[in-house]
Amino acid sequence: MNHELKIMAWARKDLLGLEDLSKEEIELILTTAESFKEVSTREIKKVPALRGKTVVNLFYEPSTRTRVSFEVAAKRLSADVINIAAQESSARKGETLIDTGRNIEALKADIIVVRHSASGAAAMLARNVSISVVNAGDGWHEHPTQALLDIFTLKEKLGRIAGLKVSIVGDIAHSRVARSNIWGLTKLGAEVTVCAPRMLIPPAIEQMGARITYDIDEALREADAVNVLRMQFERDEEAAFPEKLEYFKNFGITQERLKKAKKNIVVMHPGPINRGIEMSSEVADGLNSVILEQVTNGIAVRMAVLFLVAQARDEKQNNID
Amino acid sequence: MKNKIILIKNGRVIDPANNIDEALDVLVEDGRVSKVAKNISSENKEIIDAQDKIVMPGLVDMHVHLREPGREDKETIASGTKAALKGGVTSVLAMPNTLPAIDCAENVSLLKSIIKNSADATVFIAGSITRERLGRELTDITKLKKEGVIAISDDGASVDSDDVMLEALKIAKEQNILVICHSEDKALSANGVVNLGLTSTRLGLRGISQESEYKRVARDIELAKKADAPLHIAHVSCKESVELIAQAKKMGIKVTGETAPHYFALSQEAVLGYDTNMKVNPPLRSKDDVTAIRQGLKNGVIDAIASDHAPHTGNEKDIEFEWAEFGAIGLETELAVAITELVESGLLDWSALTKKMALNPAKILGINKGTLSIGADADLIVVAAEKEWLVEKNSFISKSKNSAFLGRRLRGVVEYTICGGKIVYRT
């Protein structure tokens with residue numbers, strides 16, 4: 001594989017979502033991640049690719065798993081990592097997101113990894129700083145690295161993405177993971193079905209390229225993979241949220257349901273799992289589950305993303321000089 | 001007083017009130033239009049050469065938020081009316097959602113004193129329908145009218161109670177005052193920030209349905225019919241609302257409608273980058289809706305174009321999309337957007353445009369404006385219709401810069417604005 005060519009194909013300083021990316025750009029991230037995956041198996045798990053660079057994890061929402069994954073990824077690339085657990089502020093109280101971003105830029109950091117409860121926050125930040133911004137989840141909008149690691153894992157397991165049938169089950173309406181997966185998977189040629197109670201399907205989702213079913217057995221029947229979303233029952237401000245046990249009964253993934261599915265169906269979950277709500281413990285720990293492999297692959301994918309955006313920015317600066 | 005006698009020579013004069021669209025001279029004396037004819041003698045007069053220019057009545061913008069009193073950081077009567085004159089607007093209707101709201105005689109007289117001291121254009125006053133615009137207790141509409149209020153509206157909010165709204169319409173009819181409706185059922189638009197549908201789904205934002213608008217339009221029309229009172233629907237943004245107004249007009253109900261430039265020039269796709277200047281209420285709608293609005297303008301269902309000029313400071317807009325304020329400024333761009341989108345495309349001719357932006361709003365409000373009839377107030381503008389310009393932040397006179405048209409190239413530059421017989425703006 002020609003390493004130089006790969007780098008030249010990536011020109012974005014930011015990764016904000018998969019909707020913006022071409023098929024080729026997504027494939028480039030995946031192949032770059034493949035080459036980084038091996039690093040984590042070495043005795044000394046480090047390469048100097050981002051030595052001297054500073055990555056700031058700016059997290060406005062509590063998230064251990066994504067934050068830690070980005071931190072490990074950055075450290076395995078030899079970057080310096082700063083973690084900021086920030087408070088969201090409205091217009092009149094506290095520092096604005098743009099001001100915070102500009103302060104981080106003034107510290108001469110190179111990449112901001114941002115997690116925020118407001119959709120579009122990463123895009124707004126990226127418009128207002130010249131350093132790289134990687135979206136680690138913005139509101140209900142996108143969570144591109146999660147979808148990329150899901151796709152990476154799927155490709156590793158099944159050898160391809162094109163032609164696969166993938167079902168996404170759970171709260172589609174409020175899920176950034178669902179949106180990023182729909183964009184990414186459909187661009188790579190997979191067929192995506194979303195499955196949820198009626199009130200958790202957002203309007204016009206078919207126009208994003210997904211098919212809808214309200215029947216979990218139908219969602220599983222022909223699927224090569226099922227991506228099970230975390231149900232966030234703390235969203236009680238949203239009307240008409242289903243009751244937990246009722247949800248498990250109607251949409252939970254169980255061994256009985258999997259018996260009617262393809263034998264090798266791949267079961268994914270972005271974590272953290274609510275055992276006994278989205279899926280039974282037997283399924284979570286069972287043979288079809290790739291949930292822990294997703295975590296491992298998350299490191300490689302995030303290494304690839306950090307590496308590519310940093311390269312793109314260096315490239316741009318060299319061109320200016 | 002200087003500029004007492006002004007002669008505007010050789011312009012293409014557009015005055016639909018008198019069926020005029022031809023090259024003529026316009027003479028302005030003592031604050032009034034005194035003659036419109038060919039070859040008026042130019043002795044002892046200040047001459048404006050309007051060769052190849054459009055000469056039309058000053059615009060009457062019936063939907064403007066001047067923010068004073070209370071939010072002088074966004075706009076003042078002084079800055080807002082200066083912005084108006086630059087945009088060719090000589091009369092505005094100031095919406096009552098100020099701090100305090102214009103909901104009692106005392107607040108009207110406070111506003112009148114500010115206007116007297118600082119307005120450069122003519123400011124007409126809208127009072128609120130209910131106290132503090134809360135939708136509960138009616139204001140003293142009779143008293144408001146006596147103080148000089150010419151229309152009532154709870155703009156920014158709709159009166160939810162059918163009984164309160166019906167009562168308001170009945171009193172308004174008696175008092176010969178116009179009711180203007182912000183038609184939105186907030187129970188249906190619940191915390192939404194963009195048009196409901198593919199756009200809200202793609203952006204991961206809460207949606208505002210067309211239904212939340214047109215269901216309330218239908219109710220408001222129904223109540224107007226019951227009260228047999230005139231009703232004006234503000235900022236019409238969707239197809240169904242246009243259809244409802246068309247039906248009502250056919251049935252002889254006294255309903256009129258207005259739309260804003262962003263509803264005929266922009267569709268929901270403009271929001272996809274989370275640009276908060278595109279966050280308006282009602283939201284930018286689908287392309288089908290935009291087509292319906294344009295057709296409504298062409299076939300007369302929509303009577304007027306108004307800016308819904310809604311200034312907000314940078315710190316209220318340069319934040320996360322869902323927390324940013326709704327609204328965009330429009331006084332300085334509305335004419336150019338209308339020329340670019342409606343006249344250049346052949347949808348409206350100059351007379352029709354002048355009706356939508358000057359004559360019709362004046363008629364709806366019952367004010368003596370929007371014409372170049374002999375003896376009329378000399379409010380008129382000279383427009384270089386083909387001149388192109390770039391909308392930039394620093395081009396605005398308004399205190400706020402939240403335009404939905406930043407970065408756009410538009411056609412049509414106001415070269416002179418004459419208000420009350422005086423040249424009050426020139427490029």
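Among the residues of the stretch B:190-200, those that are surrounded by 22 or more Cβ atoms within 10 Å (Cβ to Cβ) and assigned to a helix (DSSP H, G or I) comprise B:199, B:200. For the stretch A:185-228, a residue qualifies if it is away from every other protein chain (no Cβ under 14 Å), under 13 Å from residue A:173 (Cβ atoms) and not charged (D, E, K, R), and the qualifying residues are A:195, A:197. Here is the figure for the stretch B:246-269: residues that are of a type in the set (A, V, I, L, M) and under 13 Å from residue B:295 (Cα atoms) total 2. Residues in the stretch B:368-398 that are surrounded by fewer than 21 Cβ atoms within 10 Å (Cβ to Cβ) and of a type in the set (Lys, Arg) were compared, and the one that is nearest to residue B:12 (Cα to Cα) is B:387. Condition first: surrounded by 24 or more Cβ atoms within 10 Å (Cβ to Cβ) and out of contact with any Gly (no Cβ under 8 Å at 6 or more places or on another chain). Now tell me which residues in the stretch B:62-80 satisfy that. Once the filter is applied, which keeps residues that are surrounded by 24 or more Cβ atoms within 10 Å (Cβ to Cβ) and out of contact with any Gly (no Cβ under 8 Å at 6 or more places or on another chain), the stretch B:62-80 yields B:62, B:63, B:74, B:75, B:77, B:80.
Among the residues of the stretch B:128-139, those identified as surrounded by 20 or more Cβ atoms within 10 Å (Cβ to Cβ) and either in a loop (DSSP other than H, G, I, E, B) or at negative phi (or both) are B:128, B:129, B:130, B:139. Residue pairs, Cβ under 6 Å, 6 or more apart or interchain, first in the stretch A:257-273 and assigned by TED's automatic domain parsing to the domain that holds residue A:148 and of a type outside the set (S, T, N, Q), second in a strand (DSSP E or B) and surrounded by 11 or more Cβ atoms within 10 Å (Cβ to Cβ). List them. Partner pairs satisfying both residue conditions: A:266/A:225; A:267/A:226; A:267/A:289; A:268/A:227; A:269/A:228. Of the helices (runs of 4 or more DSSP H) lying entirely inside the stretch A:92-168, those containing at least 1 residues that are without any contact (Cβ under 8 Å) to a residue 12 or more places away in the chain and facing chain B (nearest Cβ under 9 Å) are A:121-128. When the residues of the stretch B:108-127 are filtered to those that are assigned to a helix (DSSP H, G or I) and in contact with a Gly (Cβ under 8 Å, 6 or more places away or on another chain), the one that is surrounded by the most Cβ atoms within 10 Å (Cβ to Cβ) is B:108.
Does residue A:179 fit the bill of being part of a strand (DSSP E or B) and either of a type in the set (D, E, K, R) or over 21 Å from the mean Cα position of the chain (by Cα) (or both)? The answer is no for residue A:179. Counting only helices (runs of 4 or more DSSP H) that sit wholly inside the stretch B:210-278, those with at least 1 residues that are at pLDDT 95 or above, more than 21 Å from residue B:348 (Cβ to Cβ) and in the same structural domain as residue B:94 (by TED's automatic domain parsing) are B:210-227, B:239-250. The set of residues in the stretch B:193-204 being more than 10 Å from residue A:202 (Cα to Cα) and within 7 Å of chain A (Cβ to nearest Cβ) consists of B:203 alone.
Which residue out of A:245, A:292, A:229, A:287 is among the aliphatic types (A, V, I, L, M), under 25 Å from residue A:70 (Cα atoms) and loosely packed, with under 15 Cβ neighbours inside 10 Å?
A:292
Counting only helices (runs of 4 or more DSSP H) that fall entirely inside the stretch B:285-401 and contain at least 1 residues that are of a type in the set (Asp, Glu), the qualifying elements are B:287-298, B:314-317, B:334-338.
The values are calculated or read from the model by the stated rules, or taken from the named source; none is laboratory data. This structure is a prediction, so every number in the text was calculated from the model and none was measured. Neighbour counts run over all protein chains shown; Cβ positions are idealised from the backbone, glycine included.
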